[in-house]
Every structure is written in C-alpha cells, then in structure tokens.
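Worksheet: one structure, shown below.
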Amino acid sequence: MRDRWRRFITGYVILRLRGQRLEAFLNEASRAVPFFGLKRYGPSLAVGRVLQHHLRLLRPIARRRQVQVRLLERVGLPFLLARARRHPFFWAGLGLSLLLTLWFSSYIWVVEVVGTQRVRAEEIQAEAARLGLHPGAMRRELDLRRVEDGLLLAHPWLTWADVQVEGVRAQIRVAERNAPPLGADTPGDLVARRDGVVVQAVAFQGQLEVAPGETVARGQVLIRGLLAGESLEHQSRLRSGQSPVVRAEGVVRARVGYDSQVELPLVEVVEEVVGPRRRSYGLEVAGRSLMIGPKPEPARVVSWRMPIQIGPFRLPVTLKLDERWPTVERRVERTLAQAWAEAEARARKVIDERVGEGATILEETVETYRPGPDRVGVRVRVETLEEIGLFVPYQ
C-alpha cells in the first residue's frame, strides 16, 4: 500500500515493449530500472510500469536491443497537476470546496438523543439548545461539561448525561432513574448521605425541607415523609382517609467536596507476602497461647478468639485461631517523580472509593509538598455534583 501511494505521488508511466530481443532488453534494463506490474504477452511483447524519471534511462537500452518502447499512459499526481494547470477554474473549484469543507466541519449539524424513555428527546434537545448545543453551533465554543450538568439540573428524572461530538454530529446519551414507588407501604424520610451544598431539590412525594444554596450535613432530613399539617397534600390525604405519613421520594443534588492526603518516603522497607495462608489452632489461658500447626516467621498474622462459655459460666480459656501469611522485607527506593506519582495514585484511589455512584466531577486540584527531606506528600481535592439522598424508613 505504501509503494502504491509513493508511486502515485512520484508519478509513473505505462509502457508497451515490443521487439525480438525483448528478453535481453528486460535483463539489461532491470539492472538500472525497476519495473513493476510487468506482464508478458508472448516472447516479443510486454506491458510494464516504471517511475517517470526512469523513462529516460530506458531509451539508450532500447536502441541497443532494438526494442520499441511506446508510452501508453501517464499516471500520478504530477500529471494530474500538469493537466489541472491548464484549467484555472479547476483550482478555483478545488480551493472553494476545501474552504467549504473546513467551514461546514467546524459546526454541529446533527444533535441526537439516546436513552430516553420518560423524558421526551425533544425536551432534552431544547434544553441542550438553551445551553449552547444545537444545529449550527460552533464546535470550538461548546462547553460539554456545562451541557451535561445543565441537563441533569433541568431534568430530575435523569441520573446521568454524556455528550460526545464526532465530526458534525453530537450525541447526547442519558440514563433515567427508576420510577419512585409512590404509595409504597414503608414510610420514611430522605436524608443526606454526606455533607454538601444543595444545587437542585425536587420532591416527588413528601415535604421538601431544603432549597438550592443551602449547606446540609450528613444525616440531615432533605425530604420529610411526615407531611406538614398546613399543607394541601396533608389535608387532601386526611379527607380521602389516607395517612399523612408517606414514603419520601425525590431528587436532591449537591456539590460535594472530597479531600485525600498521602505522604510517602523516598526509601522504605516494605513487607511483602510470599506464600499461601497458613492456619494454626490452640488455646489461650491467662495471656499465654498453646498453638498447633504451621507457624512461619516472619509472617503477617491475623488472630481470631472465641471465649468458651458453659451455661451462665464463662471459662478462663479462649479458643484461638491464627492466620499467617509468610512475608519478606524488601527495600523500595523511589525517585521524586515516582514518589509523587505513587502518592497521587493512592490519594485518587481513596477519593474514588468515597465518591458516590453517578457523580460528575466539577473541579479537581492536586497539590504537592515536601514534609521532610526524605518524604513527599500529595493532596488531592475533588468537587463533584451528585445525588445525596438516602431513604431511611421510620422505626
């Protein structure tokens, strides 16, 4: 494939070769001129291809061997350009086409929505257009994160939104929450699973207790299942013979901050497990143990104890189980770059384990510092937009 493109860019010619001494001509010519695509049509006729700048090398050989060389076709970019040079409108059209192609490719022309069921695709497209994503929008001016966050805030039914741009096409992929179990038999409150600043609060059922902009603490009631006595819903349920205590349902999204700090030494001795787990069993009396089984040393040990009790009497003897993993000590030396990279990876892992499912990262900062001459430290701060509601039934 590379050879074909190279030949096209360089330019080549297709030749018809005729003569009684054709074989001698080909043998001599092949030492200076590489033929390709050569086809024989008998002992005195052949058709082959050579690069255009090799053609002049064939003429003296053809005269000596009395072989007629006839040019059948010129192929390649140089010949196309030479023909086009005589047609200025061709160049004008080509330039205009390139400009139009570049101009059209810098805009979004198609906006698709994938994953909707309850929310109509037209509503999502309308909200995306308000946020700047619409047919005719310039690609370089799009803020995809702003569009994703705006869709989540505008449509409480959405739990996830992702915008992908490929060429002139934008695809909005969304996921919807399951329908809230309105009228469920288990009443309760929706409380905050973590601290945060409320960005969006919508109650599907129950009494909304917070508003956007408020700071909430973990465990604080966000939507109360006990309806306020003066509310219309409370009075309506009483008139219809229903209980004013309901299952709180809704969406509360908040900005939540996470912080993780890890320090590492440049040189340390680490304990590494090198063998399978071994178990030993025994008794422990007055702080002394009598164990039976393998006891490799050194080892990482986890002990389990179970007191022995007969009726109301507890014996001064405890059953003991030791689980041991054989270990060796290994010296680890890190460069500054390696230590900072490892510390950052550990800090990010801690945050990833704490961030709620479906959270959108809004801001992220990484700080490095030196707590000592032989240590490095990394602090990672992440701010997310996530749903913080947690249903807690009444006891």
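Any read-out appearing in this document is the output of simple, stated calculations on the displayed coordinates, not a laboratory observation. The shown structure was predicted, so the numbers you read here are calculated from the model rather than taken from an experiment. Because the Cβ atoms are built from the backbone with ideal geometry, glycine has one as well, and the counts that use them run over all protein chains shown.
Nearest 5 percent is fine: what portion of the DSSP beta bridges confined to the chain is antiparallel?
Percent antiparallel among DSSP bridges in the chain is about 95.
Bins of 20 Å, beginning at zero and ending with the bin holding the largest distance: percent of Cα pairs per bin for the chain, please.
16, 24, 27, 21, 11, 3, 0
Given a Förster distance of 51 angstrom, what is the FRET efficiency for Ile9 paired with Ala345, based on the Cβ-Cβ distance and rounded to 0.05? Write down the numbers at each step before the final one.
Details: r = 47 Å, r/R0 = 0.92.
After rounding to 0.05, the efficiency reads 0.65.
Test of understanding: extend the Cα→C-beta vector of Leu238 to 7 Å, then name every residue of segment 188-216 with backbone N under 19 Å from that spot.
It comes to 206-208, nothing else.
Grab the DSSP H runs of the chain that are 4 residues or longer, score each as -39,500 (n - 2.57), total them, divide by all residues and round the 222 nm result to the nearest 500 deg cm²/dmol. Don't jump to the answer; show the numbers that get you there.
Working: 9 runs with 103 residues, N = 395.
Here the helix-only value at 222 nm equals -8000 deg cm²/dmol.
Would you please name the GluC sites (Glu not before Pro) within segment 321-395 that are DSSP coil residues with at most 12 other C-beta atoms within 10 Å of their C-beta?
Glu357
Distance between the C-alpha centers of segment 109-153 and segment 49-92? Whole Å please.
The two parts, judged by their Cα centres, are 55 Å apart.
What are the lysines whose alpha-carbon lies under 24 Å from the alpha-carbon of Lys320, with same-chain residues fewer than 8 places away excluded?
Within the straight-line limit of under 24 Å, Lys320 reaches these lysines: Lys295.
What helices does the chain hold that run 18 Å or longer along their axis, going by alpha-carbon atoms, with a Kyte-Doolittle average of 0.5 or more, using DSSP H for the helix calls?
Working: long enough: 88-105 (26 Å, 1.47); 336-354 (28 Å, -0.66).
The qualifying helices are 88-105.
For segment 291-355, what class follows from the C-alpha gyration tensor (a ≥ b ≥ c being the square roots of its eigenvalues): rounded when a/c is under 1.5, otherwise prolate if a/b is larger than b/c, else oblate? List each step's numbers first, then the result.
Working: a/c = 5.99, a/b = 2.04, b/c = 2.94.
It is oblate, given that a/c is not under 1.5 and a/b is not larger than b/c.
Check Gly11: other-chain or 5+ apart residues with amide H under 5 Å from its amide H, H built from backbone geometry?
Here the answer is Leu77, since their amide H atoms fall under 5 Å of that of Gly11.
Mind giving me the FRET efficiency for Ala211 and Asp352? R0 is 30 Å, r the Cβ-Cβ distance, nearest 0.05 is fine. Display every interim value, and only then the final one.
On the way: r = 30 Å, r/R0 = 1.02.
Given R0 = 30 Å and the Cβ-Cβ separation, E is 0.50.
Compute from the Cα atoms of segment 65-192 the Rg and the Dmax, the latter being the longest Cα-Cα distance, and quote both in angstrom.
Rg and Dmax of segment 65-192, Cα atoms, are 27.4, 105 Å.
Summarise the long-distance tail of P(r) for segment 253-343 by giving the % of C-alpha pairs beyond 21 Å.
Details: 2422 of 4095 pairs.
Of all Cα-Cα pairs in segment 253-343, 59 percent lie more than 21 Å apart.
Suppose a student asked you for the relative contact order of the chain, using Cα pairs under 8 Å spaced at least 6 residues apart; what percent would you report? Each step should come with its number before you reach the end.
On the way: 772 pairs, mean separation 48.4, N = 395.
Taking the mean separation of contacting Cα pairs over the length of the chain, I get 12 percent.
For segment 324-395, which chymotrypsin sites (Phe, Trp or Tyr not before Pro) are in a loop by DSSP, counting at most 15 other Cβ atoms within 10 Å? Walk me through the numbers on the way to the answer.
Details: sites: Trp340, Tyr369, Phe391, Tyr394; in loops: Tyr394.
Answer in residue order: Tyr394.
Could you list Asp3, Asp143, Asp162, Asp189 so that the one with the fewest beta carbons within 10 Å of its beta carbon is first and the one with the most is last? List each step's numbers first, then the result.
On the way: Asp3 8, Asp143 13, Asp162 16, Asp189 22.
Starting with the residue having the fewest Cβ neighbours, the order is Asp3, Asp143, Asp162, Asp189.
Using a Förster distance of 41 Å, how high is the FRET efficiency between Arg130 and Ala337, based on the Cβ-Cβ distance and rounded to 0.05?
Values: r = 45 Å, r/R0 = 1.10.
That pair, Arg130 with Ala337, gives E of 0.35.
Scaled to the compact-protein estimate 2.2 N^0.38 Å, what is the alpha-carbon radius of gyration of segment 2-81, rounded to two decimal places? It would help to have the intermediate numbers written out before the result.
On the way: Rg = 12.4 Å, N = 80, 2.2 N^0.38 = 11.6 Å.
Normalised Rg, Cα atoms only: 1.07.
Give me the number: length gained by fully extending Arg146 to Phe89, i.e. 0.36 nm times residue separation minus the C-alpha to C-alpha distance, one decimal in nm. Before the final figure, lay out the partial values.
Values: separation 57, 0.36 × 57 = 20.52 nm, distance 4.54 nm.
Here the answer is 16.0 nm.
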